[in-house]
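The values are calculated or read from the model by the stated rules, or taken from the named source; none is laboratory data. If you're wondering where the values come from, they're calculated on a predicted model, not measured in any experiment. Using ideal geometry, Cβ is built from the backbone for each residue, glycine included, and neighbour counts are taken over all protein chains shown. In case anyone asks, the SASA skips ligands and DNA or RNA and just uses the protein heavy atoms, side chains included. Shrake-Rupley method; radii C 1.70, N 1.55, O 1.52, S 1.80 Å.
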Amino acid sequence: MSISKFSSTFARLGAASAALLAPVAAFAQDAATTAAPAAAAAAPVADKGDTAFMFISTLLVLFMILPGLALFYGGLVRAKNMLSVLMQCTMVAAVLMLIWVIYGYSFAFGGSDSPYWGGTAKMFFAGVTKDSTAATFSQGVVIPEFIFAMFQMTFAAITPALIVGAFAERIKFSAVVLFCALWATFVYFPIAHMVWDANGMLFKMGALDFAGGTVVHINAGVAGLIGAIMVGKRTGYGKDMMAPHSMTLTMVGASMLWFGWFGFNAGSNLEASGGAMLATVNTFVATAAAVISWAIVESLTRGKASMLGGASGMVAGLVAITPAAGIVGPMGAIVMGLIVSPLCYFFVSVVKNKFGYDDTADVFGVHGVGGMFGAVATGIFASASLGGVGYAEGVTMGGQVMTQITAIATTIVWCGIGSAILYKVVDLIVGLRVAVEAEREGLDLATHGEAAYHS
C-alpha cells in the first residue's frame, strides 16, 4: 500500500477515526516507501525524536518478556519447575523473533488487500531497508520501517509466551515451542492483520484496539484456557500443595511488566507526541486503581489482602487499559482499573474452581477476561462526554460497543478453534504432556538437567 493510498483510507474514516485508531499507523507499515526515484525524493523523512522514542519503546517491550514475564510466571510455579518456565519464555521469544523476520511480518503487514492476512510480499524482510519507512497516524509523519517491524516483533514474541503460564509444570518443552510457532502462524498473525492493518476485516469495521486487547490478551487468554483443558490438570491438582514458590520473584516480575508496559502502550502511538503521553498517564492510573481494587476485594472476601492479589491486580489493570490507552481519558482509565479487578478475581477464585480447569497462572482469568472487559470498556469510555477522544463521525456509543463485541467474538472463535486444532496436531507429533514421573520430579531436572536452587 502506498502512502497516498493509506492517506485516502484515513480520509474515508474521518479525522476523528484517525485519532481514535492511533495504531493504524503501525498497522499499515506496508506504506513503506517503494515509489519511483523521482517521487522518493519528496518522501517524508523520519524524525529522529520519534525514531529514538520507538527504539526505547521496543526495548521496553523486550524487557517485559525477558526477564519480566519469565520471572512473574517463574515465581508462581513450584521451585522444581522454576527454570522450565524461564526456558520456555526464553525459547518462545527467540523462535518468534526469527519467524517474524522470515514470514510473520509479511503475514501480518505485507501489503495484501486480503482482510485476513498480509500476504508474502515482505517475507525475509524483502524491501525493508534502512531507507524504507512506515507511516504513522499523522499525515506526512513516518518512522523507519525497521523500528516499526521490530516493535511489532516484540508483540508477536510476548503473546505466545503469555500462553505458557496456563499449562506450566506439566507440558513438554518441545510441545511448547512447536505449539507457539504454529499458533503464531495460524492465529496471531491473521488476528494482528485483521485488527491492525488498514485492509484488515476488523480494522475496516472500526474496531478499536490501541495496543493489543484483542490481538494480544484475548488471543493469549483463550489459547491458554484451551491449553489448560487439553493438556489436563497437574498431577495432584486439588490435593497437593501447589502454592507459588516465590512471591518475591513474582512481585519483581510484575513490576518489570508494569515498567515495560509503557513501551507497549505509549509506543503504540508511534510518535513521541501528546497521544503517547495520554497512553502513559492511563497506564499509570488504571494499573494503580486495579491494584487497590483487587486488595479491597480480597480484604472483603477473605479478610486479608495478599501480595499475589496485588501482583494480579497490577497485571489486570495493565491488560484492561491496553486497548484503550490512547483513546480514553484518565478518569475513564481509573474507572476501568477499579472495575477490572473484581471481574478477574471472580473468574480466578470462583469460576475456575467451579469448572475445575487448571490454569496455572490464571492466564484466562486475568488476560482473557481482563482483555474482554477492556475491549468493551474502550467502546464506552472513548466517548468525549466521558473524557475520551470521541468517536468517528456518525458512530454512537452503542454502535462502537457492538463493533467491539464483534471483534471480541471474532477473536474468540478464530483463536478457540485454531488453538484446539493446533494442540491436537502437536499432541500427535510430539505429545503434549511429560511422563508422570518427570512431572513429580520437576521439569527443571527432568527436562533441562539443572535446578534453580541449591541448598
Exercise. Taking Phe137 as the residue in question, decide whether it is of a type in the set (Phe, Trp, Tyr) and at pLDDT 95 or above.
Key: no
Exercise. Out of the residues in the stretch 173-206 that are open to solvent by 10 Å² or more (accessible area, probe 1.4 Å) and β-branched (Val, Ile, Thr), state the one that is nearest to the chain's Cα centre (by Cα).
Key: Thr185
Practice problem: May I ask you to verify whether Ile327 is under 19 Å from Phe262 (Cα atoms), open to solvent by 10 Å² or more (accessible area, probe 1.4 Å) and of a type in the set (A, V, I, L, M)? | Solution: no
Quiz prompt | Residue pairs meeting the criteria (Cβ under 9 Å; at least 6 apart or on separate chains; first over 22 Å from Ala70 (Cα atoms), in the stretch 234-253; second in a helix (DSSP H, G or I) and open to solvent by 40 Å² or more (accessible area, probe 1.4 Å)) | solution = Thr235/Val436; Thr235/Arg440; Gly236/Arg440
Quiz item: Looking only at the stretch 105-130, which residues are in contact with a Gly (Cβ under 7 Å, 6 or more places away or on another chain), of a type outside the set (Lys, Arg), part of a loop (DSSP other than H, G, I, E, B) and surrounded by 15 or more Cβ atoms within 10 Å (Cβ to Cβ)?
Solution: Gly110, Gly111, Ser112, Pro115, Gly118, Gly119
Quiz item: Within the stretch 365-388, is there a residue that is open to solvent by 60 Å² or more (accessible area, probe 1.4 Å) and of a type in the set (Val, Ile, Thr)?
Solution: no
Quiz item: (1) hydrophobic (A, V, I, L, M, F, W, C); (2) surrounded by 16 or more Cβ atoms within 10 Å (Cβ to Cβ); (3) part of a helix (DSSP H, G or I): which one isn't true of Ala94, the others all being true?
Solution: (2)
Quiz item: Quick one: what pairs do we get from the stretch 387-398, first residue on the phi > 0 side of the Ramachandran plot, second β-branched (Val, Ile, Thr), C-beta under 9 Å, 6+ apart or different chains?
Solution: Gly387/Val328
Practice problem: Within the stretch 73-91, track down each residue that is open to solvent by less than 30 Å² (accessible area, probe 1.4 Å) and hydroxyl-bearing (Ser, Thr, Tyr). | Solution: Tyr73, Ser84
Quiz item: So how many residues does the stretch 243-276 have that are farther than 13 Å from Gly75 by Cβ and open to solvent by 10 Å² or more (accessible area, probe 1.4 Å)?
Solution: 8
Quiz prompt | The listed residue being basic (Lys, Arg) and open to solvent by less than 10 Å² (accessible area, probe 1.4 Å), out of Arg170, Arg234 | solution = Arg170
